[in-house]
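This report concerns only the one structure given below.
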Amino acid sequence: MTMRKPSRRLSLRRLLSLPSFSNPGHFLGSLPQMLKNKPTFRWLHELMKRIDHAGIACLRLGNVHVILVTCPEISREFLKNQDAVFASRPVSMSTDVTTKGFLTTALVPLGDQWKKMKKVLVKELLSSTRHKWLTDKRVEEADHLVRYVYNQCKASVDGTIVDIRLAAQQYCGNVPRKLIFNTRFFGKGKEDGGPGVEEEEYVAALFTILSHLYSFCISDYIPWLRGIDIDGHEKVMDKVLGIGKYQDPIIDERIQQWRHGIKKNAEDLLDILVSLKDNDGKPLLMADEIKAQITEFMIATVDNPSNVVEWALAEMLNQPEILKKATEEIDKVVGRGRLVEEADFARLNYVKACAREAFRLHPIAPFNVPHVSVADTKVANYFIPKGSHLLLSRVALGRNPKVWDDPLTFKPERHLKEDGSPVALIEPELRFISFSTGMRGCKGVQLGTSMTVMLFARLLQGFSWSIPPGEEAIDLTEAENSLFLAKPLVAVAKPRLLSEVYPGN
Ligand code: HEM
């Protein structure tokens, strides 16, 4: 008996049968609609609502099949059962320039360069041993965060309005700068511990890079349009990658110090990268590999922890009983006589449940980092051609009413385990996406978790927070063009510990 092969055309048509997609046979696919419906991610989510029952859909942008997924079971089929098939990344103009021609890890298609840099990252920069080696640097930055907020509010009995977004984002820039370059600031910083112009420019540039990496730029689907810069993204990227002026001279100088034997002992991650040797005893990494990998490390670190803590605090200011419960947990586990340390994290389950809930409800990005299939395959009975782009919706998974009761309400209790077992920020079952899973899953879970919990717990422990006078509630409206809070979170901070507990200036 002859077996019938799955019909590629039929099953594709099934995938392409979204009601809103006019003229799917057109050579541009849905690109014309995409250009008319900005921001693209909101348009795609509107379309996805219409295919809610299926949990998967496909649209064509130019020649690229883009697979959109909103269902956790189907997400697991992709990233667990068929992980190796979907282990590549798309090539985009912005990832190309950010990675200096795909020299890094996270943004690089499957291949030898990805393998080489992944090994460096996992074994040399992010291993548990290295994490331990870097503990003092992380503690310095956690202390600095508390000092910076304390300096702003210590003089006023009624408390002072503090920009939580600024404090959180700068902490998330300071930590990796300290780990990599052994310095908090590129310039002098501000007297109160706040960022100088250099750090403000640097962190703002990192967020601009992040928002442009996979931003549905037209030349990513019609490559010959690159250079014409129809979306203006090339100009933006050119400008923001100018932050190389802060880090590249330090990297070049450090390479010279090691080459000439002036430096012999590793003190930070840059030393590690520069001193790695290949089998012939030659430097393993070129200067451009180090520079691009460091930029990628910075962008991988700066966004998620700061966004999650900002949203969690915003939600908790509107639900003071949750804020109270989290603070009481810290008082019980740590007390008020010393600041939270990493060793406390295991017992801060309610605090971690609040962070998890913010990951679920308020992801920083609408989609997981895109994956690309390296072979034809079939998922959930649909034929998926080689080269398809896979977009798991972080928003639709985390807010999926079939998975989560009352999905739009911030309820940390839903993450507490009945047996009291520890809460973690990972979600390998993909019911929402924090660090994702599989071959291309996050390599920085330990550092990312430690930064998120430390930032959150220290802000909760060190200060009592309240809604600014004259406002009834924190406005939880999302920005139109991103998933950030529309307005940066500001709140009144008052010290809640004895002055001697705060780190000295
Ligand atoms: C709370 C903090 C963090 C969160 C929530 C997070 C989340 C993610 C997510 C969702 C992905 C995409 C996974 C996929 O494609 O399926 C990813 C990839 C990645 N992350 Fe993180 N991340 C965090 C921190 C970090 C840190 C501190 C590093 C350290 C450099 C890091 C390094 C990476 C790398 C290298 C990849 C790509 C792996 C690959 O493509 O092979 N992340 N992360």
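The values are calculated or read from the model by the stated rules, or taken from the named source; none is laboratory data. No experiment lies behind these values; they were computed from the predicted model shown. Cβ atoms come from the backbone with ideal geometry, glycine included; neighbour counts cover every protein chain shown. Keep in mind that these areas ignore ligands, DNA and RNA; they rest on the heavy atoms of the full protein, side chains included. Shrake-Rupley method; radii C 1.70, N 1.55, O 1.52, S 1.80 Å.
Assorted remarks:
- Among (1) open to solvent by 30 Å² or more (accessible area, probe 1.4 Å); (2) over 19 Å from residue 442 (Cβ atoms), the one test that residue 68 misses: (1)
- Members of the stretch 259-271 found to be within 16 Å of residue 247 (Cα to Cα) and more than 13 Å from the ligand (Cβ to nearest atom), listed by number: 268, 270, 271
- Odd one out for residue 139, checked against (1) within 15 Å of the ligand (Cβ to nearest atom); (2) open to solvent by 30 Å² or more (accessible area, probe 1.4 Å): (1)
- Any hit, the stretch 302-318, residues being free of Cβ contacts under 8 Å to residues at least 12 places away in the same chain and away from the ligand (no atom under 14 Å from the Cβ): no
- Some residue of the stretch 206-228 being in contact with a Pro (Cβ under 8 Å, 6 or more places away or on another chain) and aliphatic (A, V, I, L, M): no
- Complete set of residues in the stretch 56-69 that are within 18 Å of residue 398 (Cβ to Cβ) and either in a helix (DSSP H, G or I) or within 16 Å of the ligand (Cβ to nearest atom) (or both): 68, 69
- Members of the stretch 462-482 that are in the same structural domain as residue 333 (by TED's automatic domain parsing) and in contact with a Ser or Thr (Cβ under 7 Å, 6 or more places away or on another chain): none
- Residue within the stretch 480-493 that is more than 11 Å from the ligand (Cβ to nearest atom), among the basic types (Lys, Arg) and open to solvent by 40 Å² or more (accessible area, probe 1.4 Å) present: yes
- Matching entry among 106, 84 (being assigned by TED's automatic domain parsing to the domain that holds residue 388 and aliphatic (A, V, I, L, M)): 84
- Among the residues of the stretch 83-109, those identified as within 13 Å of the ligand (Cβ to nearest atom) and under 19 Å from residue 67 (Cα atoms) are 83, 84, 86, 87, 88, 89, 90, 107, 109.
- Search result, residues across the stretch 70-87 that are within 13 Å of residue 439 (Cα to Cα) and part of a loop (DSSP other than H, G, I, E, B): 82, 83, 84, 85, 86, 87
- When residues of the stretch 406-425 are limited to those that are of a type in the set (A, V, I, L, M) and open to solvent by less than 40 Å² (accessible area, probe 1.4 Å), the one nearest to residue 361 (Cα to Cα): 425
- Counted residues, the stretch 442-466 - those being away from the ligand (no atom under 16 Å from the Cβ) and either open to solvent by less than 40 Å² (accessible area, probe 1.4 Å) or at positive phi (or both): 5
Residue-by-condition table, conditions (1) buried (at least 16 other Cβ atoms within 10 Å of the Cβ); (2) assigned to a helix (DSSP H, G or I):
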| residue | (1), (2) |
| --- | --- |
| 156 | no, no |
| 162 | yes, no |
| 167 | yes, yes |
| 183 | no, no |
| 187 | no, no |
| 206 | yes, yes |
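- Only one of the numbered conditions (1) farther than 21 Å from residue 125 by Cα; (2) under 18 Å from the mean Cα position of the chain (by Cα); (3) not aromatic (Phe, Trp, Tyr) is not met by residue 154, and that is (2).
- In the stretch 110-126, the residues that are in a loop (DSSP other than H, G, I, E, B) and within 10 Å of the ligand (Cβ to nearest atom): 110, 126
- Among residues of the stretch 378-388, those that are at pLDDT 95 or above and out of contact with any His (no Cβ under 7 Å at 6 or more places or on another chain), counted: 2
- Yes/no for residue 262 being open to solvent by 10 Å² or more (accessible area, probe 1.4 Å), without any contact (Cβ under 8 Å) to a residue 40 or more places away in the chain and in a loop (DSSP other than H, G, I, E, B): yes
- Unmet criterion (only one of (1) assigned to a strand (DSSP E or B); (2) open to solvent by 40 Å² or more (accessible area, probe 1.4 Å)) for residue 470: (1)
- In the stretch 400-441, the residues that are more than 12 Å from the ligand (Cβ to nearest atom) and hydroxyl-bearing (Ser, Thr, Tyr): 409, 421
- Residue in the stretch 282-292 that is closer than 20 Å to residue 495 by Cα and more than 16 Å from the ligand (Cβ to nearest atom) present: no
- Odd one out for residue 120 among (1) out of contact with any Cys (no Cβ under 7 Å at 6 or more places or on another chain); (2) outside the structural domain of residue 441 (by TED's automatic domain parsing); (3) not basic (Lys, Arg): (2)
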